1. Return yes when GLN353 is assigned by TED's automatic domain parsing to the domain that holds GLU259 and within 44 Å of the chain's Cα centre (by Cα) and no when it is not.
2. Since GLU32 meets every condition but one in (1) over 17 Å from the mean Cα position of the chain (by Cα); (2) farther than 23 Å from GLY197 by Cβ, which condition does it not meet?
3. Within segment 122-143, count every residue that is surrounded by fewer than 18 Cβ atoms within 10 Å (Cβ to Cβ), in contact (Cβ under 8 Å) with a residue 12 or more places away in the chain, touching a helix residue (DSSP H, G or I) at 6+ places or on another chain (Cβ under 8 Å) and aliphatic (A, V, I, L, M).
4. Answer yes or no as to whether ARG271 is without any contact (Cβ under 8 Å) to a residue 24 or more places away in the chain, surrounded by fewer than 19 Cβ atoms within 10 Å (Cβ to Cβ), assigned by TED's automatic domain parsing to the domain that holds GLU56 and touching a helix residue (DSSP H, G or I) at 6+ places or on another chain (Cβ under 7 Å).
5. Determine the pairs where a residue that is not assigned by TED's automatic domain parsing to the domain that holds VAL111, located within segment 207-235, has a partner that is modelled with pLDDT of 95 or more with Cβ atoms under 7 Å apart, the partner being 6 or more residues away or on another chain.
6. Hey, among ARG29, ARG71, which residue is basic (Lys, Arg) and either touching a Pro at 6+ places or on another chain (Cβ under 9 Å) or surrounded by 23 or more Cβ atoms within 10 Å (Cβ to Cβ) (or both)?
7. Test MET122 against the criterion of being among the hydrophobic types (A, V, I, L, M, F, W, C), assigned by TED's automatic domain parsing to the domain that holds LEU201, farther than 30 Å from GLU213 by Cβ and within 30 Å of the chain's Cα centre (by Cα), and give yes or no.
8. Which is in contact with a Ser or Thr (Cβ under 8 Å, 6 or more places away or on another chain), of a type in the set (D, E, K, R) and either crowded, with 22+ Cβ neighbours inside 10 Å or farther than 20 Å from SER181 by Cβ (or both), of ASP100, ASP119, ASP146?
Amino acid sequence: MSVVDRMSFGIFLAPFHPLGENPTLALERDFELVELLDRLGYDEAWIGEHHSAGWELIASPEVFIAAAAERTRHIKLGTGVSSLPYHHPYILAERMVQLDHQTRGRAMLGVGPGALASDAYMLGLEAVEQRRMMDESLEAILALMDMDGPVTRETDWFTMRDARLHLRPYTNPRMHVAIASVFSPAGMTAAGKYGCGVLSLQAPRQGGLDLKEHWAMAEDAADKAEKEVKRSEWRIVLPFYLAEDRDQAFDECRAGAREFYQEYFEGTLGRPPAVESEDIAHEVKAGGAIVGTPDDAIAAIERLQDLSGGFGGFLCQAHEWAPREKVHKSFELFAQYVMPKFQGQLEPIVDSQQWTAANPDSIFGNNPKAMERAFKDAGREIPPEVAKNLQR
């Protein structure tokens, strides 16, 4: 089920880099990847914020976006996400509006309560308070960006007195804002409450998340707040890895995926071992990843559309399950064969070919006469080989 004529595609770049590698070079690979996606026609790149646990190296998505914007031309760049309880909302709003100007409207604000418990622990934040803090911060940020007048807010963790933005947003009326949603209703409820987009970071694994029910939470909250949420601004996030052959794809990414699931989710974050982490094939079967050929990716996205009732964007959760060249090839295959399927680019070309092939007499019937006339006007005889071809 499609809710848009042109689905958007992009990447959710946490990023995830295995331990033991030069972090400076790892960050450079992230920039190279965003540059590649820009050339391949991807629409968006969402950049994460993390401060601990070793794998996710970007502490300031705003700094990364500023540099990436200078290296790219078209791709939109969002914070994926800014952890709102970690920042004073006024300062974050000011930085994002500056990025809005520097990128000429390519900046987007993705927000969440903070994903890593280790980040919150170092900052002295209680997990039970983070979603409430995110809501308070987001309300203040949107009030500032809407510029309806000075904003005064008093909470137990930030204060604003007659606050107003120094710069009016470059994007009218303001940049796109999206809220991360995982398992709990908090993200969807906040999206509905404020009329924002959604970044769904948890795919519907077997016996797990019901995407239609999840979206209903956003619509219910929007109705209560007299706001509107749009399926066209709902993005689904899943890792994918493609090759020209299905077995080849699994062979190339199997070891890297196993390391990712076991060393990061189990070994670092302490999540209990799961059968899905033993082999990427289990994760694919459960709906938590896409591995195979472009045709497999098309089928998986169509299945997600049916399961969700329709969404407007698909983001690849960035990973390094294979060497850089092969990961880049995966993104190239996706752009070459998968993206145009959902963006209305293939039908006119196929229709044109089929129309041409089905009407040879009408289209090419006068070609022999035109060729004969050309030789006659030039006062030359038609060569035998040419005359033979004209009779076909």
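The values are calculated or read from the model by the stated rules, or taken from the named source; none is laboratory data. Computed from a predicted model, the values in this text were never measured in an experiment. In this analysis, Cβ positions are derived from the backbone assuming ideal geometry, glycine residues included, and neighbour counts consider all displayed protein chains.
1. Answer is no for this residue.
2. Among (1) over 17 Å from the mean Cα position of the chain (by Cα); (2) farther than 23 Å from GLY197 by Cβ, GLU32 violates only (1).
3. 1
4. Numbers: without any contact (Cβ under 8 Å) to a residue 24 or more places away in the chain: yes; surrounded by fewer than 19 Cβ atoms within 10 Å (Cβ to Cβ): yes; assigned by TED's automatic domain parsing to the domain that holds GLU56: yes; touching a helix residue (DSSP H, G or I) at 6+ places or on another chain (Cβ under 7 Å): yes.
Judged against the criteria, ARG271 is a match.
5. Listed pairs, sorted by first residue: none to list.
6. Numbers: ARG71 fails: either touching a Pro at 6+ places or on another chain (Cβ under 9 Å) or surrounded by 23 or more Cβ atoms within 10 Å (Cβ to Cβ) (or both).
The unique qualifying residue is ARG29.
7. On the way: among the hydrophobic types (A, V, I, L, M, F, W, C): yes; assigned by TED's automatic domain parsing to the domain that holds LEU201: yes; farther than 30 Å from GLU213 by Cβ: yes; within 30 Å of the chain's Cα centre (by Cα): yes.
So MET122 fits the description; yes.
8. Details: ASP119 fails: either crowded, with 22+ Cβ neighbours inside 10 Å or farther than 20 Å from SER181 by Cβ (or both); ASP146 fails: in contact with a Ser or Thr (Cβ under 8 Å, 6 or more places away or on another chain).
The conditions single out ASP100.
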